[in-house]
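Presented below is the structure to which this report refers.
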Amino acid sequence: MLRCYVVLKTVEKIHGKRGKTFVVKLLRGSREYSVEKAVHDFDLVPLWGLLSRLSREEVEALLTEQMEKGWAYIEEVTSGGYTFPFLHISEDGRERLNSLEEAQGNELTAHLEQVCFLQKSPEISDKGIQLDHFLSQLIQLLQMWSDHSFDDMGLTELIGYLNLEFSAAEMLEKFLFRSTPDKLQDQFRSPYVLDMTCYQLSNQIRQLLSAFPEQESMVFRCRYGLTDRLHQPLISLMKHYGLTIRDVQYTVKRCISYFANRSYLERYPLVAAIHGLLAESLGEDPSTPLSLVKDTAQVTYELYQNNLSVHEIARERGLAVSTIFAHFSRLIPKYKLNLNEILSEERIAGILQAADTTGGVSLKAVREQLPSDYNYGEIKLVLELERGWKAA
């Protein structure tokens, strides 16, 4: 139902001004200049890349289904001597959209929150996820403290309102205890000391955010519900910065990576304290940087282990197919994979034959000998692994 709403809403926005190809590119998150410009011209940011996990054929099938039901149609428009097949929404389509508007509009907002923030990016490590949970709990506690109805509460009562698992509550208490001045640690659970500690931690978080790039700082606020005067809802942020869902996920990843950045550890006591606490809980040396973000090739390997093809991995991660093939040039020797598990024997043979014909002097020369569906990435992968070829 949500997909139906998304497609119809997009057609309504571009009614009579763009065609099917544009709608497919938009919903799959294309970064072409013409698409990006139209996204802002037609106020399409919340819909941009919303169906990026679907293939082109799947999005086209959704659009075709709406047209078969009579909710959308194509009308030829002539301009400057050219004819363009532009999409229109029909009266029946408008009625259907109006019937879906309220419920699905709210569901769309909830869906954006879920895919951007609640769904863990495969590029965040288990340690990064633990940090993410801790930051969420810490800021939630500080937000509760800032609500004056909790003024007379001590730490035990305040944490009780968070309804945390024992291990999470224990970690939070340990962090707050270490953030309490030494001379007050014997009474750190009292409202007076808690007030001082939370005040100092709130200032440190604001100081840290002032050093973040603007986009990261705003997404950090939105991610962790930090409702200070600069807080904005997610859709407002996406419109302001022109972000897709995947852009928000990457920005969250960058925010998390700052907590393993050596310069941030040296400059900000808050980052160093959280880093030390996580290292201790994981039984690691605090002087060793935490691997909060996974190696990019390792993420590709994990998705491959889940039986995703090269093209499916590229679509899932929002990367070029050639980049995924480059990952496999490292993964195949490391994990002793067979090249014909990644590419069919016919494609491997075709590339090797083209290389023999041209002498393998360049990727371009080999590519010109092959059909149009061959990718530079797979050509380079085959030549590197089968012939030991290296770019000059």
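Residues His275, His40 in ascending order of nearby Cβ atoms (within 10 Å, fewest first): His40, His275. Selection among Phe22, Leu131, Gly70 by position relative to the dipole of the chain gives Phe22 as farthest towards the positive end (Cβ unit charges, Cα centre).
Counting only Cβ charges, +1 for Lys and Arg and -1 for Asp and Glu, the dipole size of the chain around its Cα centre is about 1100 debye. Entry note: the chain has Rg to Rh equal to 1.06, where both radii use alpha-carbon atoms and Rh is the Kirkwood radius. Spin-label pair Lys336-His15: with each label point 7 Å from Cα along the Cα-Cβ axis, the two points sit 6.4 nm from one another.
Separation of the range 1-78 from the range 111-182 is 39 Å, based on Cα centroids.
Anisotropy class assigned to the range 296-387 is prolate, per the alpha carbon gyration tensor with a/c at or over the 1.5 cut-off and a/b larger than b/c.
A simple rule links phi to the HN-Hα coupling: the Karplus curve 6.51 cos²θ - 1.76 cosθ + 1.60 with θ = phi - 60°, which for the range 371-382 gives x, 5, 8, 7, 9, 4, x, 6, 4, 4, 4, 5 Hz, with x for Gly and Pro. Rounded to the nearest 20 debye, the dipole size of the range 126-281 about its Cα centre is 700 debye, using +1 on the Cβ of Lys and Arg and -1 on the Cβ of Asp and Glu.
With θ taken as phi - 60° and the Karplus curve 6.51 cos²θ - 1.76 cosθ + 1.60 applied, the whole-hertz 3J(HN,Hα) list for the range 186-192 is 6, 10, 5, 7, 6, x, 4 Hz, x standing for glycine and proline. Greater than 30 Å separation of Cα atoms is the criterion. Which listed pairs, Lys13/Lys364; Lys127/Lys380; Lys174/Lys294; Lys37/Lys127, meet it? Where the Cα-Cα span goes over 30 Å, the pairs concerned are Lys13/Lys364; Lys127/Lys380; Lys37/Lys127. Label sites at Leu352 and Glu173, each approximated as a point 7 angstrom past Cα along Cα to Cβ, lie 6.5 nm apart.
In terms of its alpha-carbon gyration tensor, the range 253-351 comes out prolate; a/c meets the 1.5 threshold, and the first ratio a/b outweighs b/c. Given +1 at the Cβ of Lys and Arg, -1 at the Cβ of Asp and Glu and no other charges, the dipole of the range 296-387 around its Cα centre is 320 debye to the nearest 20.
For the range 327-392, applying the loop criterion from DSSP together with a ceiling of 11 other beta carbons within 10 Å to the trypsin sites (Lys or Arg not before Pro) yields Lys336, Lys390. Who wins for biggest fluctuation among Val299, Val382, Val77 in a Gaussian network model of the chain, springs between alpha carbons below 10 Å? For the chain, modelled as a Gaussian network with Cα springs under 10 Å, the answer is Val77. Modelled spin labels at Asn261 and Asp285, positioned 7 Å past Cα toward Cβ, are 2.5 nm from each other.
Laboratory data are not the source of any read-out in this text; all were calculated from the coordinates shown. It should be emphasised that the depicted structure is a prediction, and the values quoted were computed from it without experimental measurement. Every residue, glycine as well, gets a Cβ built from its backbone with ideal geometry; the counts of neighbours run over all protein chains shown.
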